[in-house]
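Undergrad: Here's a structure for you.
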Amino acid sequence: MTRAGAIRLSGWLLALAVLAVPVVAVLRGWLAAGQWPVKYLTIDAPYTHVSAAEVAVAVQPLLQKGFFAVDLQRVRAAVAALPWVAAVEVRKRWPNTLVISLREHQPWARWTGNRLVGADGDVFSVPAAQMPAALPRLSGPPGALPEVIAFYRSAVAACTPRGLHVAGAQLTARGSYTLDLSAGAHIVIGRDQSQQRLARFLAVWPQLAARHSEMFVYADLRYANGFAVRWPDAQVPAVTPPSTPSAGNT
């Protein structure tokens, strides 16, 4: 390329650069928040525990840059951080609307402290003032939730036909189970042969209930050949067990 040609090419490049500056400036202004603001927020939700106002307050600071600059990931994270929100979908609708669809947690039980278990098995937390009262109470070591849920459900299926309503289940760090009944009674089952021990107790329960007008206070099934039952009037246990529970079941 000749020197004259190089000079002409440099001149063209310089001219294009000069022209590009106002074009970029125009585009930036055209895409700015003032030109394309988000005017409408559409929320699709059941509104059982989460209100439209809560969602609007959570996302409002993220809408200030306008329609094109809205970060959908940040909006999704802001809504997902609200109590009771289980899943969120966010999308833009031309020319000025943000659409948010959310699914709420469906509480099924309380789990170890002030956490909740959803109908799909997910664990979540809500403010203490919003904690539902009439839920089964489950507790156990970290990672034991699936096992406790399975035991609770099997216990409910076994106890309900006998007129015993299970309100909760506890699993200790040593693997010992206790059932809590809605009437306030407790059934200590232990950690070995829990299903068989509960079945043995339930087989005798109708005869025991026929002899007592009140619900028992405490039943200890941790015996090799029987169980002990304590009644409100401190009567002698209905089934006399050995003097101590069988080894390894405390």
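Undergrad: For Ala183, list long-range residues whose amide hydrogen, built 1.01 Å from N in the peptide plane, is under 5 Å from its own amide hydrogen.
TA: His165
Undergrad: Place the peptides 42-49, 207-214 in order of packing, highest mean first, counting for every residue the other Cβ atoms within 10 Å and averaging per peptide.
TA: Working: 42-49: 14.2, 207-214: 11.2.
Highest-to-lowest ranking by the protection proxy: 42-49, 207-214.
Undergrad: Could you state the number of Å between the C-alpha centres of the stretch 141-167 and the stretch 54-76?
TA: So the two Cα centres are separated by 43 Å.
Undergrad: Which residues in the stretch 159-194 place their backbone N less than 12 Å from a point set 7 Å from the Cα of Leu202 along the Cα-to-Cβ direction?
TA: Label zone hits: 159-166.
Undergrad: Count charges around Phe201 for me, please; just the other residues with Cβ under 12 Å from its Cβ, Lys/Arg as +1, Asp/Glu as -1.
TA: Details: positive: Arg162, Arg197, Arg200, Arg222; negative: Asp220.
Neighbour charge sum, excluding Phe201 itself: +3.
Undergrad: Please give the length that would be gained between Lys39 and His186 if that part of the chain were fully extended, namely 0.36 nm times their separation in residues minus their C-alpha to C-alpha distance (nm, one decimal).
TA: Working: separation 147, 0.36 × 147 = 52.92 nm, distance 5.76 nm.
The Lys39-His186 span can extend by a further 47.2 nm.
Undergrad: Given +1 on the Cβ of Lys and Arg, -1 on the Cβ of Asp and Glu, and no further charges, what dipole in debye does the stretch 40-104 carry about its Cα centre, rounded to the nearest 20?
TA: Working: 7 positive and 5 negative charges, 52 e Å.
Roughly 260 debye, rounded to the nearest 20.
Undergrad: Hey, another quick one. Go through the stretch 184-199 residue by residue and turn each phi into a ³J(HN,Hα) via Karplus (6.51, -1.76, 1.60, θ = phi - 60°); whole Hz please, and just put x for glycine and proline.
TA: Result, rounded to whole Hz: x, 7, 10, 10, 8, 9, x, 10, 10, 6, 4, 5, 5, 5, 5, 4.
Undergrad: Give me the distance in nm between label points sitting 7 Å out from Cα along the Cα-to-Cβ direction at Ala53 and Ala209, one decimal.
TA: The two pseudo-label positions are separated by 4.8 nm.
Where a number appears in this text, it was derived from the coordinates with a stated rule and is not lab data. Computed from a prediction, not measured in an experiment: that's the story for all the values here. As a convention, Cβ positions derive from the backbone with ideal geometry for all residues, glycine included, and neighbour counts pool all protein chains shown.
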